[in-house]
Amino acid sequence: MKVLGIECTAHTLGIGIVNKEKIIANEMDTYKPPKGEGMIPRDLADHHAKVFSAVLKSALKKAKLKMNDIDLIAFSQGPGIGAPLSVGCTAAKFLAAKYGKPIIGVNHCRAHLEIAKSHSGFDNPLFLYISGGNSQIVLKEKSGYHVLGETLDMGIGNLFDSFSRSIGLESHGSVLEKFSKGGKYIELPYTVKGMNLVFSGLLTHAQKLAKSHKKKDVAYSLMENSFAMTCEATERALFLTKKRSLVVCGGVAQNKRLQNMLMKMCREDNIEFYVAPDELNRDNGAMIAYTGYINRKKSKKQIEKISPIPNYRIDSIH
Ligand code: FE2
């Protein structure tokens with residue numbers, strides 16, 4: 001079974017193709033806002049509509065397939081930003097109608113978890129899912145996905161983006177990571193509530209301090225604190241659930257400092273650790289195609305609601 005997956009929840013338009021569980025194409029085009037500006041939903045939608053045809057052609061060429069060879073079209077149904085989600089959903093419906101293919105909606109967070117798990121080889125790990133808009137500790141059980149802890153305000157990636165913009169940097173975690181290298185630690189707010197995280201106080205305090213202290217030192221301390229908070233909440237969840245393996249996934253999982261902190265924590269606690277390759281941790285179409293495939297294997301039922309769900313929570317999937 002060949003599944004085409006469309007990812008479109010935020011700044012990336014990704015199209016991936018899987019043949020059963022094997023990824024045979026994973027093409028993408030990411031929108032970059034003008035320097036110092038945030039993401040405007042309309043601009044994201046315009047970008048995705050503009051590049052859709054080229055990314056689709058490129059994915060089909062890579063997979064050496066034609067649209068008629070595709071058995072199922074999967075699209076990222078949410079959570080995400082309404083305008084770009086609508087572009088992906090409309091394109092999926094158009095392709096499904098034109099080529100007479102079934103269509104399936106996929107939860108974006110679930111796709112991150114499942115593609116990482118499939119590469120980890122772990123049977124039933126605990127998940128740490130961290131990205132621009134989400135920071136969640138997730139347990140998967142037969143009854144569904146359970147969010148044990150999460151951010152109570154903003155995603156960790158949005159924390160980095162907001163701080164980067166406020167000090168005149170491009171809003172991308174990797175830019176802030178490079179900029180903060182060699183910085184010295186300054187004390188900043190540290191807020192963990194059980195297994196939940198709060199970042200807004202940290203952001204406000206860091207933005208104030210950046211006016212009177214070296215920006216590099218503040219950036220370094222902001223990243224250190226937010227990662228330490230994430231590790232603490234994750235370690236607590238590992239102990240409570242008695243899980244022996246951890247999979248970290250999502251865009252911010254690409255950060256090497258965070259990977260090292262989590263790896264060290266797991267080593268000390270004798271817990272297996274896995275992080276997927278960067279290509280699968282950033283938003284991509286292959287994870288949507290893969291999750292569409294495993295969904296389809298379980299049920300052939302055509303989805304009733306073919307429309308975006310911007311606030312689609314992972315714990316609402318059953
Ligand atoms: Fe994502």
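The values are calculated or read from the model by the stated rules, or taken from the named source; none is laboratory data. These numbers come from a predicted model, not from an experiment. Positions of Cβ are backbone-derived with ideal geometry, glycine not excepted, and every protein chain shown enters the neighbour counts.
Inside the stretch 3-19, can you point out the residues that are in contact with a strand residue (DSSP E or B) (Cβ under 8 Å, 6 or more places away or on another chain) and not in a strand (DSSP E or B)? Before the answer, list the steps.
To start, the set of residues in the stretch 3-19 that are in contact with a strand residue (DSSP E or B) (Cβ under 8 Å, 6 or more places away or on another chain) comprises 3-9, 11-19.
Once the filter is applied, which keeps residues that are in contact with a strand residue (DSSP E or B) (Cβ under 8 Å, 6 or more places away or on another chain) and not in a strand (DSSP E or B), the stretch 3-19 yields 8, 9, 11.
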Problem set entry | Any strands (runs of 3 or more DSSP E) falling wholly within the stretch 33-136 and containing at least 2 residues that are buried (at least 17 other Cβ atoms within 10 Å of the Cβ), within 16 Å of the ligand (Cβ to nearest atom) and in the same structural domain as residue 172 (by TED's automatic domain parsing) | 126-130
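Tell me the residue from 177, 170 that is assigned to a helix (DSSP H, G or I) and away from the ligand (no atom under 16 Å from the Cβ), please.
Working: 170 fails: assigned to a helix (DSSP H, G or I).
None of the others qualify; the one that does is 177.
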Problem set entry | the stretch 246-263: number of residues that are crowded, with 19+ Cβ neighbours inside 10 Å and more than 16 Å from the ligand (Cβ to nearest atom) | 2
Problem set entry | Residues that are surrounded by fewer than 16 Cβ atoms within 10 Å (Cβ to Cβ) and under 19 Å from the mean Cα position of the chain (by Cα), drawn from the stretch 161-207 | 174, 175
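Go through the stretch 222-250 and give me each residue that's part of a helix (DSSP H, G or I) and polar (S, T, N, Q). Working first, answer last.
Just the residues of the stretch 222-250 that are part of a helix (DSSP H, G or I), to begin with: 222-241.
Result: 225, 226, 230, 234, 241.
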Exercise. Only one of 150, 170, 187 is within 23 Å of residue 128 (Cα to Cα) and not small (Gly, Ala, Ser); which?
Worked result: 150
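Going through 42, 110 one at a time, which residue ends up being touching a residue at least 24 places away in the same chain (Cβ under 8 Å), farther than 28 Å from residue 248 by Cα, in contact with a helix residue (DSSP H, G or I) (Cβ under 9 Å, 6 or more places away or on another chain) and among the basic types (Lys, Arg)?
On the way: 110 fails: farther than 28 Å from residue 248 by Cα.
Selected residue: 42, the only one of 42, 110 that is touching a residue at least 24 places away in the same chain (Cβ under 8 Å), farther than 28 Å from residue 248 by Cα, in contact with a helix residue (DSSP H, G or I) (Cβ under 9 Å, 6 or more places away or on another chain) and among the basic types (Lys, Arg).
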Exercise. List pairs: first in the stretch 1-26 and touching a residue at least 60 places away in the same chain (Cβ under 8 Å), second buried (at least 22 other Cβ atoms within 10 Å of the Cβ) and of a type in the set (Ser, Thr, Tyr), Cβ under 6 Å, 6+ apart or cross-chain?
Worked result: 3/293; 7/76; 8/76; 9/76; 18/290; 18/293
For this session: Might you check whether a residue that is buried (at least 17 other Cβ atoms within 10 Å of the Cβ) and in contact with a Lys or Arg (Cβ under 9 Å, 6 or more places away or on another chain) occurs anywhere in the stretch 151-158?
Result: no
